Each structure stands twice: as C-alpha cells, then as structure tokens.
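This report refers to the structure that appears directly beneath it.
The values are calculated or read from the model by the stated rules, or taken from the named source; none is laboratory data. Keep in mind that what you see is a predicted model, and the values were worked out from it rather than measured. Here Cβ is always computed from backbone atoms with ideal geometry, including for glycine, and neighbour counts include all displayed protein chains. Accessible surface is based on the protein model in full, side chains and every heavy atom, while ligands, DNA and RNA are left aside. Shrake-Rupley method; radii C 1.70, N 1.55, O 1.52, S 1.80 Å.
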Amino acid sequence: MNFEWSGVWDAMPTMLDGLLVALAATGIGYVIALVLGLVFAFLRRSDNRWVSMPVGFLVEFIRSTPLLVQLFFFFYVLPLIGISASPLATGAFALGLHYATYTSEVYRSGIDGVPPGQWEAATALNLSTRRTWTNVILPQAIPRVVPALGNYVIAMFKDTPQLLAITVVEMLGGAIAIGSETFRYSEPIAAAGLVYLVVALLMAWVARVVERRYGQVRV
Amino acid sequence: MSSGLMSYVWEGLGNTLLLTVFGALLGLVFAFIAGLGRSSERTWVRGIAMVYTEIFRGFPSLVLLFALIFIVPTFGYQLNPLFAGILALALNIGAYAAEVVRGAVKAVPPGQIEAAIALNFTPWQRLRKVVLPQAVVAMIPPFTNNLIELLKATSLVSLVYISDLTFSAQLIRASTGETALVFFGLLVGYGVIALFFTAIMKLLERMAARSLGRTVPSGLFGRKEVAA
C-alpha cells in the first residue's frame, strides 16, 4: 500500500468541519479553565483550612490524573446522576476542569508576585476586599500571567483529539471515520496531523504577539 | 472482584509502568540530544534541534500515536504496538523536556564555563564535569512535571488497543457494569502512581543536590508549576 498525497487533500473538507469542533471545544473549555482556575486560586488562598486543603487536594488530584480517564468518567457517570449533556459539552467541560488546575497555579504565582506593599497600601487606604482585588491586585497579577495562560490555549487545542474517545468527531475522529469508509487510514490521519500542526504553530505565534502587546504591567 | 478481572488490572498496571519508564528513558535521550543541540555552535545542529522541538510540541501526542500505528506501515515498517506507544510518548515528552535541558544549561553561571576553559578542559570535559552536574539539579523539578504528564499521556494508548491500565478498566467496566466505581478507582490509581513517581523524583533531586553539597527542602507536595 502506498501513501497517496491526493488522499490528504480529499480529507481536507472533513478536517475543516473537525477543526470547527476542535476550536469550539477549546474555546468553551478555555473560558471554563480561566474562570474556574481563578476560583480555585481564590479558594486555595482561603484562611480557612477546611476550604483551602480540600481544594488544594482536588486540584492536585485532577492535575495528576489523565484527561482521557476524566473524559470517560464524566461521559459515563454524569448521565447516571441525571445530568445529560451533549458529548461536545461534556468534553469541553472536562477539558476546562482539567486545565483549570493548571491555570489556578498560574494565577497563584501571578498573585504571589504582587509586592506585599500593594496589599498594605490597599489596607491603609481602607479599600474593601472586593476593591482591593479588582482595582489593585488583579490588574497587576493578570498581565504577569498572560504568557503562561496563552500557552494553555495551545495545550488544550492539542488535547482535543482525545474527545474522539467520547464520540466527538473532531479532526482525528473525522480522519478515522473516513478511514473506516475507504479503508485508507494513513492519508486522512496525515491530513489531521498537518492541520493540527499548522493551527498549533499559528496559535503559538498569536500567543507571542498577544504576550508582546499585553504582557507588561501598566501602572 | 474475581481473580480473572484482577489479572487484567495487573497486566494493565504492568504496561502502564512499562510505557512510563521506557517512554521517560527514551524521552530523556531525545531531550538531551535536542536540548544540548540547541546550544550548539553549529547552525545546522541548532536548526535540526529547533525543528524537532517545534514540530513535536505542536503535534498532539494522540495524533502522533495514530500516525505511528497507521501511517508508518504504509511505508513498509510494522512497529510493535507497545514500541510505537513508547516512541510516540517519548518523541512528544522529549520535545518538552528538551526545553528544560536548554534552560538549565543556559542557567549555569558563565564564570563556571570560563573557569573550565581557563583550566584547559576539553569541551567534553567542560560539559561532563562542570556544566551537567550543576544543570541536572535544576532539571529535576521540571522533569518531575514532564514525568507526570507522560504518565497521564500513557492512557492514550488504550485508544489503539494496547492493554494499559485504562484499557483494562474498560474491560472491567464492560464485564461488571460498575461504571462509576471503575473509573473513580482508575483515577485514584493514576493519582497514587503519580505520587509514587513524584516521591522517586524527589529522592533523585536530593541525591543530585547532595553531590553538589546543597540541600533540598523536604516535603512531597512541592511540585512547581512550569508553563506547558
């Protein structure tokens, strides 16, 4: 059996459909990861040990176990407890939860990087806790973490092929679907790989541009 | 659980550990070649090392695994599935770890290298006796992250029907129907293996630091964040 480049091009329309699914999963998952990561970071800083320790344990646990198994877990277990969601929504949620444990660490290092004087000044000015966070700490912490957060978009995008395990047809899933019809797997899989590589490199380039524009702390 | 099902667990555990350990060793080789290659004086060596790290960091490991299993045979080579799994994981993690090697080598103070040159060390002696002993200590904590990422990535091989821990769990789920219990147990299993590997790496870190006359703060949960 030979490798036919024409097969790679024939697979491209399916790849573009799959790309939209992969980007949707990445986008939804990324929003979840950004928000949930901030929640985890807050809770881990809590003065109450009964809050910070279990959250810390949960974050470490999610971070050290495979995304694939978490996908299976949510895909099979959520319906058992009466929550029915589409495979794409389940996948995006699992992806977001998994990466929230990474982004929470990033936020934590960003928050820790704000000089203690800023906290003291906020206290001295009698700012409320909410205003201390929204007007003093976060505007200084978030620019610091933009580069690291950008990298996770790319990492999440590269994890989307795993969603094929829970019946989401993204690019690799589409490639396998073509293969099972034509009995030629190599060309569509090569097409999927090519698109993943190009989009991931493109994202890396965009992340570097964003980093250059917004990566500095403005006072 | 019957002993028949337990045998699935042991087989799966064995293959998961095999994939992790050999993937890590092979990945380490790729990482050192590419990481040291990127600080080479020769442009073409730097170029090859850079292309390797950029391509394999931009490529999902699952796609790489499918490529090795489905595309390579069309060129006339049939890889053993387990070896294909190890190779795909190693190529991927090696590209990430290469960046760690490069960063750690760059972080060795220039005075150390100048001193080695002044003492008329050959480039090989410089690397072997001065640069690496110091750089390796700095590499171990980020390598721990890489190792856990590798352990997590081994679960992907279950999708190409290699009987790792995740694959065994699928078989057990199919035969017992205890879905929630099986997957929760599987998650805990991976968590325990991750703790085990973290403890080993901590030990290695302490040994490497002691050989330089430094000490490392104790504690198991000190894993540091490294950007992906």
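Here are a few things to note about the model shown:
- Rolling a 1.4 Å probe over the heavy atoms of the protein chains gives the range A:1-95 an accessible area of 52 Å² per residue.
- Applying a length cut-off of 15 Å (Cα extent along the axis) and a mean Kyte-Doolittle floor of -0.5 to the DSSP H helices of chain B leaves B:3-37, B:43-57, B:81-106, B:132-153, B:165-176, B:179-211.
- Taking 17 Å as the straight-line reach from the Cα of B:Lys106, the aspartates and glutamates in range (excluding those fewer than 8 positions away in the same chain) are B:Glu41, B:Glu114.
- Buried on assembly, the range B:59-98 (at least 40 Å² less accessible surface than by itself, 1.4 Å probe): B:Phe59, B:Pro60, B:Leu62, B:Val63, B:Phe66, B:Phe70, B:Ile71, B:Thr74
- Selection from A:Leu125, A:Ala85, A:Leu138, by position along the positive dipole direction of chain A (Cβ): A:Leu125
- Per residue convex hull volume, Cα atoms of chain B, in Å³: 149 Å³
- Residue with peak Gaussian network fluctuation, chain A [Cα springs, cutoff 10 Å], from A:Thr160, A:Thr26, A:Thr65: A:Thr65
- Partner shielding of A:73-85 amounts to 2, given as the average count of beta-carbon atoms from other chains within 10 Å of each residue beta-carbon.
- Ignoring aspartates and glutamates fewer than eight residues from B:Lys152 along the same chain, the ones with Cα atoms less than 19 angstrom from its Cα are A:Glu60, A:Glu105, A:Asp159, B:Glu11, B:Asp164, B:Glu225.
- The protein assembly as shown: projected area of the alpha-carbon convex hull, averaged over directions, in nm²: 25.9 nm²
- C-alpha long axis of helix A:138-159 to longest principal axis of chain A, angle in °: 20 degrees
- Take each residue in B:188-198, count the other chain C-beta atoms within 10 Å of its C-beta, and the mean is 3.
- The mean number of partner chain beta-carbon atoms within 10 angstrom of a residue's beta-carbon across peptide B:163-176 is 1.
- Take the accessible area of chain A alone and of chain B alone, subtract that of the pair, and you get about 3600 Å² summed over both chains, using a 1.4 Å probe.
- Distance between the 7 Å Cα→Cβ label points at B:Leu13 and B:Ile55: 3.9 nm.
- Using alpha carbons only, the radius of gyration of the range A:5-214 set against its Kirkwood radius gives Rg/Rh = 1.07.
- On the principal axes of its alpha carbon atoms, the range A:168-208 extends 40, 20, 6 Å, with the longest extent given first.
- For chain B, size of Cβ-based charge dipole, Lys and Arg +1, Asp and Glu -1, in debye: 800 debye
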